[in-house]
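Colleague: Following this message is one structure expressed as structure tokens.
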Amino acid sequence: MKYNAWVLLTCLLLVTAQLDPSRPASALGGDYWQGTEVKPGEVWGVADLHAHFFNYLAFGGRVMHGTPSAPNGIRQALRNCRSNHGEDAHGTSTALLAEPAHRTSGYPHFEGWPRYDTLIHQQAYVDWIRRAWQGGMRLVQVDVQNTPFLGTLYGATNRHFVKGELTPVAFDDASALELQVGAARLFFNEGPASDFAAIAYSAADARRIIKSGKMAIVLGLEVESPGNFSLESQLGKDPRTKVNALVKTLWETGVRHVIPIHLQRNAFGHPAVFNPTLNAMNFAATGEFYATTEAFDGGVRFDPSRASGTSITGLVELAGIVGGKQPFPQAKSIAAAQGLTDAGVMFVEALMQQGFIVDVEHMSERAVDETLRLAVKADVPVISSHADFRDLSFGTRVTWQDGGYSTEINPLPFSEDNAGSYGTSEGLKVRTERSRTPQQLAVIRKLGGVVGVQLVSHGVGVSWRDRVPLDCDASSKGFLQLVAYGVEHLGGVAIASDVGGFATMPAPRFGTEACPGSRDDKVRSAGDRLRTQALAQRNGVQYQTPLSAIAPWRFPAKGSAFTEEETRAWLAVAQRGPAQGVVGERWKAMNEGPNAPLTRSVAGKREFDVNLDGVAHYGMIPDFFQDSANVARAAGAPELIAPLFRSAEQYLQMWERLSLPRPAKRGEGRGEGPF
């Protein structure tokens, strides 16, 4: 009877929420949404500023497996992945994108995927997007993504691994835009998602859609070369003409959000330097490595020689060296030496004048600062859609003071000998120009902009104000540090799932894969640290129904903080019930969460559980919110959850401000000096 009561309650809450979009409610049960009321007249709900639902059409249509819908439903959309990744899942994608070999079974068992750490499988099937909406998601920026070089390389080298033929699609960025926007229109406006979502082309559209009880979709662009302009010379002697034509094309296509620079140098500017693999990709695609400079005195601590890359990286770098080009100069730390090009200034100004939502993500620090100066001159808001914060990076020491704080940056270069003082052995986790500074955030806030924080938190090394323990890497524990910092500096934050964008999702806090974020980190995994983290977790998420189908693959032993005997015990207790010892205690802690029970996500024969699976697919984000709420409440910081549910309104206010008429202010240049 109690489960029927929960079902009736959640149905009533959903109906109430649809009648009054300002009133918090979830159709999935739980209580993470309680206490998240908004002001009268405002809309309630979460904004996800960075998602890729249609990347199955990117990179030549071969890398990402699975589609968000199909004529024959989930059995067709999420069938086994052998056609893309090979019989044993050892296709070229595993070398390019660090995807481990995996079970290829899709529907109905889903033994090998979706997983929290997959990079190349669909995690945004229509039922899962609908579940996120039911759980409080009210606005999503869905970005067209593409990297032509990746599609070319994958298509050329994977033929020996893949069984069966797929219809290839064009690799170039302009074609990717047309394909993915076309798919989005069919999916949301006419197809299987039209009952709960619709595309918004203006702030007024978005507010109307959300007030009607649906989820607003904003189309965005995140490609290597907008308009296929990879070189400034392609714009000719009169670049403004082609820039204006590109802006007009993007607007007429329905795009409203633009990231002008992604991972490769293009006609508009230089990307942030934060990963040696991306530099190698830039060389392979353009014939040039990044233009970099010493950045130690500016507080950056990224040394590419101390950061790991894929197996392809070394081969490409060697080819460059043979050709007389060095991947990086000798330096204590590295950042980009260039910002926006002259054409980039024109492009950003034209985007702002047209009313686009300009995003500073992936820009070099110089380009970010130049873009912010242009925004100040034009008096328009900008966003940072999927941000990390430099003050939270490893190698930063924070001292709390009354009314503020001070930071101290590690004075030593990052090296193997100094890794202990940084708290990590992974060079990708230290301070890079990819992360936002407090000065940049202050400008974004003053302009009325919005920032989305990553759900997964690999690079978080500071427990903000020592409230929520940072004792489970890449889980809700790290996410809450980003939220706490963002709320303090910005007044509120949105989220950035980056689903489908070659980014992992938050990891589980329980089971044999508990707290895996530091498995490869020699400092953070030293001694019994991984086990200590795994044993420290409490207040898991309660569900309305118990797990009923448990298979051995659910509890892998590789890389686990638990012994082989304990790994077997996890399976036994899951199949047969309570047990004694370490695993019995862990099972109890996993199921002791104080929350009202949550409806469980089920697909085919697979039952999902955020405690054991982490965020395996997009529909598990509400479960992640519940886990975050349980953790925040236990830490005495329950107020960290409410700002997330004001983020849709915050986004709408930003967009409404951007839509105000203003005189053109082009041609004033990038500017110098402070903001």
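Colleague: Would you mind working out the accessible area per residue for the chain, using a 1.4 Å probe, and quoting it in Å²?
Modeller: Per residue, the chain has an accessible area of 37 Å².
Colleague: Could you list which residues have their amide H under 5 Å from that of Ile357, counting only those 5 or more apart in sequence or on another chain, with H placed in the peptide plane?
Modeller: His257, Val258
Colleague: Now, a different point. Taking R0 as 30 Å, what's the FRET efficiency between Ala557 and Arg75 from their Cβ-Cβ distance, rounded to 0.05? Can you show the working numbers first?
Modeller: Values: r = 31 Å, r/R0 = 1.03.
With R0 = 30 Å, the Cβ-Cβ based efficiency is 0.45.
Colleague: So what are the ³J(HN,Hα) numbers for segment 214-223, from phi and the Karplus equation (6.51, -1.76, 1.60; θ = phi - 60°), rounded to whole Hz, Gly and Pro as x?
Modeller: 9, 9, 8, 10, 10, 7, x, 10, 9, 10
Colleague: Quick one: pull the percent of accessible area on segment 423-479 belonging to carbon and sulfur, 1.4 Å probe, ligands and nucleic acids left out. Intermediate values should be presented prior to the final figure.
Modeller: Values: 810 of 1560 Å².
Percent of accessible area from carbon and sulfur atoms in segment 423-479: 52.
Colleague: Right, another one. Run the helix sum for the chain: -39,500 (n - 2.57) per DSSP H stretch of 4+ residues, divided by residue count, reported at 222 nm to the nearest 500 deg cm²/dmol.
Modeller: Roughly -10000 deg cm²/dmol at 222 nm, from the helical runs in the chain.
Colleague: A further question follows. Could you check the simple spin-label distance between Gln326 and Asp528, using points 7 Å along Cα→Cβ, in nm with one decimal?
Modeller: 4.7
Colleague: If you don't mind, another one. Over all distinct alpha-carbon pairs, what is the Kirkwood Rh of segment 489-535 in angstrom?
Modeller: 12.9
Colleague: Along the Cα-to-Cβ line of Arg519, 7 Å from the Cα, sits a label point; which residues in segment 473-487 have backbone N less than 17 Å from it?
Modeller: Under 17 Å, as judged by backbone N against the label point of Arg519, lie 473-476 of segment 473-487.
Colleague: Further question: If we sort 57-68, 401-412 on the protection proxy, mean other Cβ atoms within 10 Å, highest first, what's the order?
Modeller: Sorting 57-68, 401-412 by mean packing, highest first, produces 57-68, 401-412.
Colleague: Roughly speaking, what is the stretch gain from Glu37 to Gln234, that is 0.36 nm per residue apart minus the C-alpha to C-alpha distance, in nm to one decimal?
Modeller: Value of the extension gain: 65.8 nm.
Colleague: Using a Cα-Cα cut-off of under 13 Å, which aspartates and glutamates could be cross-linked to Lys237, ignoring same-chain neighbours fewer than 8 residues away?
Modeller: Lys237 reaches Asp342.
Colleague: Spelling out what I want: for every residue of segment 499-513, take phi, set θ = phi - 60°, compute 6.51 cos²θ - 1.76 cosθ + 1.60 (Karplus), and round to whole Hz; glycine and proline get x.
Modeller: For segment 499-513, the Karplus curve yields 4, x, x, 6, 10, 6, 10, x, 8, x, 9, 9, x, 6, 9 Hz.
Colleague: Now a separate question. Calculate the spin-label point distance for Leu186 paired with Ser406, positioning each point 7 Å from the Cα along the beta-carbon direction, and give it in nanometres.
Modeller: Result for the modelled spin labels: 6.1 nm.
Colleague: Could I ask something else about it? What FRET efficiency do you get for Ser212 and Asn591 if R0 is 30 Å and r is their Cβ-Cβ distance, rounded to the nearest 0.05?
Modeller: It comes to 0.20.
Colleague: Can you compute the equivalent ellipsoid semi-axes for segment 433-511, i.e. the square root of 5 times each eigenvalue of the Cα gyration tensor, sorted largest first and rounded to whole Å?
Modeller: Ellipsoid half-lengths, sorted descending, are 22, 16, 10 Å.
Colleague: Have a look at the DSSP beta bridges in the chain and tell me what percent are antiparallel, nearest 5.
Modeller: 30
Colleague: If you don't mind, there's one more thing I want to ask. At 7 Å along the Cα-to-beta-carbon direction for both Ser202 and Arg467, put a label point, then send me their distance in nm to one decimal.
Modeller: About 3.9 nm, to one decimal.
Colleague: Kindly provide the Kirkwood hydrodynamic radius of the chain in Å, to one decimal, from all pairs of distinct alpha carbon atoms. Intermediate results must be reported in sequence, preceding the final value.
Modeller: Details: mean 1/r = 0.0395 Å⁻¹.
Evaluated on the chain, it is 25.3 Å.
Colleague: How compact and how long is segment 348-479, expressed as Rg and Dmax of its alpha-carbon atoms in Å?
Modeller: According to the Cα coordinates of segment 348-479, Rg and Dmax are 16.3, 51 Å.
Colleague: Output the peptides 37-43, 266-272 sorted from most to least packed, where packing is the average of other Cβ atoms within 10 Å over each peptide's residues. List each step's numbers first, then the result.
Modeller: On the way: 37-43: 13.9, 266-272: 26.6.
Put in order of decreasing packing, that is 266-272, 37-43.
Colleague: Less than 28 Å apart at the alpha-carbon level, and either on another chain or at least 8 residues along: which lysines does that give for Lys211?
Modeller: Within the straight-line limit of under 28 Å, Lys211 reaches these lysines: Lys39, Lys446.
Colleague: Quick one: 3J(HN,Hα) in Hz for segment 639-644, Karplus 6.51/-1.76/1.60 with θ = phi - 60°, rounded, Gly and Pro as x.
Modeller: Once rounded to whole Hz, the list reads 6, 6, 7, 4, x, 4.
The values are calculated or read from the model by the stated rules, or taken from the named source; none is laboratory data. Note that the coordinates shown come from a computational prediction; the quantities given were computed from them, not determined experimentally. For neighbour counting, all protein chains shown are included, and Cβ atoms are generated from backbone atoms with ideal geometry for every residue, glycine included. Heads up: the accessible areas ignore ligands, DNA and RNA and are worked out on the full protein's heavy atoms, side chains in. Shrake-Rupley method; radii C 1.70, N 1.55, O 1.52, S 1.80 Å.
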